[in-house]
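Participant: Sharing a structure with you now.
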Amino acid sequence: MARQILIAGNWKMNKGAADGAQLIKDLKAQFGSGCSCCCSGAKKPEVLVCPTFTTLSAVVAEAQGSCLLVGAQNIHWADQGAFTGEISGAMLKECGVTHVIIGHSERRQYFGETDATVNQRLKAALKNGLTAVVCVGETLAEREAGTTNVVVERQVRGALADISADDMKKVVIAYEPVWAIGTGKVASDEQAQEVHAFIRGLLKVMFSCPCVADSTRILYGGSMNAANAAGLLAQPDIDGGLIGGASLKPADFATIVKAAA
Ligand code: PEP
């Protein structure tokens with residue numbers, strides 16, 4: 001099954017509203033007028049940018065009429081209430097976003113995110129009609145201990161608990177080995193493909209409908225850049241990228257998008 005490639009930029013805690021809007025202007029300049037993008041037809045990748053909360057509205061406004069999709073970096077499971085520092089799905093929708101990253105390793109590492117809270121946040125995203133990019137991935141210690149598949153399986157099963165085959169139409173999985181995020185140490189094409197194939201096989205086991213495994217997009221994240229993107233994106237089970245550092249550099253991000261076409 002042909003899966004549409006998704007190239008997603010995770011801006012993390014970078015770019016306030018003015019700088020974020022400027023980055024969108026720069027990206028549009030890279031992609032050409034009207035953002036008919038650098039490519040056309042069935043292979044045209046989806047391109048998503050995920051700024052910080054306070055930058056969302058400015059970026060949504062600047063991206064209007066272009067091919068750029070806009071997502072957030074987190075979502076709370078409740079609709080409203082006493083959850084200082086959090087944001088609800090309805091609030092994100094009001095900003096005009098369509099996507100949200102959930103369970104990024106930095107959230108797991110620094111903010112106590114667990115498989116259970118990832119699952120709750122995913123359910124909130126789906127309830128609000130948002131497409132979720134759910135992140136999973138092993139640490140270096142886990143890889144060296146030979147437990148990559150065990151860890152990834154636990155994270156995928158935990159994130160997708162009680163999620164239906166129909167819900168999966170709005171779920172994207174991002175395999176992001178923690179040791180490759182922001183380190184410049186990218187997984188080799190073969191290492192990445194091996195885990196992506198494992199995740200797709202796991203989806204086959206988890207969902208009786210084979211279309212789920214065939215149609216779910218699995219992105220690679222971890223030091224993807226203009227130089228290594230083509231090799232990773234050529235792998236049969238890699239359906240795009242979640243890109244941190246390189247997504248802040250318009251020419252590099254555009255090169256990655258072009259490599260996906
Ligand atoms: C990320 O934060 O999801 C990421 C992959 O970062 P980087 O590309 O900088 O490694």
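We did not get these values from a lab; they are worked out from the coordinates using the rules stated. Just so it is clear, the structure is predicted and the values come from calculations on it, not from any experiment. Heads up, the Cβs are rebuilt from the backbone with ideal geometry, glycines too, and the neighbour counts pull from every protein chain shown.
Participant: When N counts the residues of the chain, how does its alpha-carbon radius of gyration compare numerically with 2.2 N^0.38 Å, as a ratio? Could you put the intermediate results ahead of the total?
Facilitator: Details: Rg = 17.0 Å, N = 261, 2.2 N^0.38 = 18.2 Å.
That works out to 0.93 for the chain.
Participant: Once you've got the Cα coordinates, tell me which of 15/249; 185/249; 127/169; 12/249; 15/258 are over 20 Å apart.
Facilitator: On the way: 15/249 12 Å; 185/249 18 Å; 127/169 13 Å; 12/249 13 Å; 15/258 24 Å.
Violating the 20 Å limit, Cα to Cα: 15/258.
Participant: Please arrange 46, 144 by how many other C-beta atoms lie within 10 Å of their C-beta, fewest to most. Display every interim value, and only then the final one.
Facilitator: On the way: 46 20, 144 11.
If I rank by nearby Cβ atoms, fewest first, I get 144, 46.
Participant: What translational diffusion coefficient, to the nearest whole µm²/s, does the stretch 24-133 have by Stokes-Einstein, given a Kirkwood radius computed over alpha-carbon pairs, a temperature of 10 °C and 1.306 mPa s viscosity?
Facilitator: Details: Rh = 14.9 Å.
D = 107 µm²/s.
Participant: Given the DSSP H assignment, sum -39500 (n - 2.57) over each helix run of at least 4 residues in the chain and divide by its residue total; what's the result at 222 nm in deg cm²/dmol, nearest 500? It would help to have the intermediate numbers written out before the result.
Facilitator: Details: 11 runs with 107 residues, N = 261.
Here the helix-only value at 222 nm equals -12000 deg cm²/dmol.
Participant: What is the sum of charges, Lys and Arg at +1 and Asp and Glu at -1, for the other residues whose Cβ falls under 15 Å from the Cβ of residue 181?
Facilitator: Values: positive: 12, 107, 108, 143, 185; negative: 106, 113, 138, 142, 176.
Charge balance in the 15 Å sphere: 0.
Participant: Can you sort 189, 79 so the residue with the fewest Cβ neighbours within 10 Å comes first?
Facilitator: Working: 189 17, 79 12.
The order, fewest Cβ neighbours first, is 79, 189.
Participant: For the stretch 126-210, treating each Cα as an identical point scatterer without solvent, what Debye log10 I(q)/I(0) comes out at q = 0.19, 0.24, 0.26 1/Å?
Facilitator: Cα-only, vacuum Debye calculation for the stretch 126-210: -0.88, -1.24, -1.37.
Participant: Hey, any idea what Rg/Rh is for the stretch 107-261, computing Rh the Kirkwood way over Cα pairs? Before the final figure, lay out the partial values.
Facilitator: Numbers: Rg = 15.0 Å, Rh = 15.8 Å.
The Rg/Rh ratio comes out at 0.95.
Participant: Taking the beta-carbon count within 10 Å as an exposure proxy, list 255, 183 from fewest neighbours to most. It would help to have the intermediate numbers written out before the result.
Facilitator: Numbers: 255 19, 183 13.
Ascending number of Cβ neighbours within 10 Å: 183, 255.
Participant: What whole number of Å gives the distance from the Cα centroid of the stretch 130-154 to the Cα centroid of the stretch 217-261?
Facilitator: 19
Participant: Can you give the relative contact order of the chain as a percent, counting alpha carbon pairs under 8 Å and 6+ residues apart?
Facilitator: On the way: 521 pairs, mean separation 56.0, N = 261.
This gives 21 percent for the chain.
Participant: Now for a separate question. Return one quarter of the surface area of the convex hull spanned by the alpha-carbon atoms of the stretch 190-261, equal to its mean projected area, in nm². Could you put the intermediate results ahead of the total?
Facilitator: Numbers: hull surface 19.0 nm².
Averaged projected area of the stretch 190-261's Cα convex hull equals 4.8 nm².
Participant: Sticking with this structure for a sec: What aspartates and glutamates could a cross-link reach from residue 44, if we take a straight Cα to Cα line under 16 Å and drop same-chain neighbours fewer than 8 places away?
Facilitator: Correct list for residue 44: 239.
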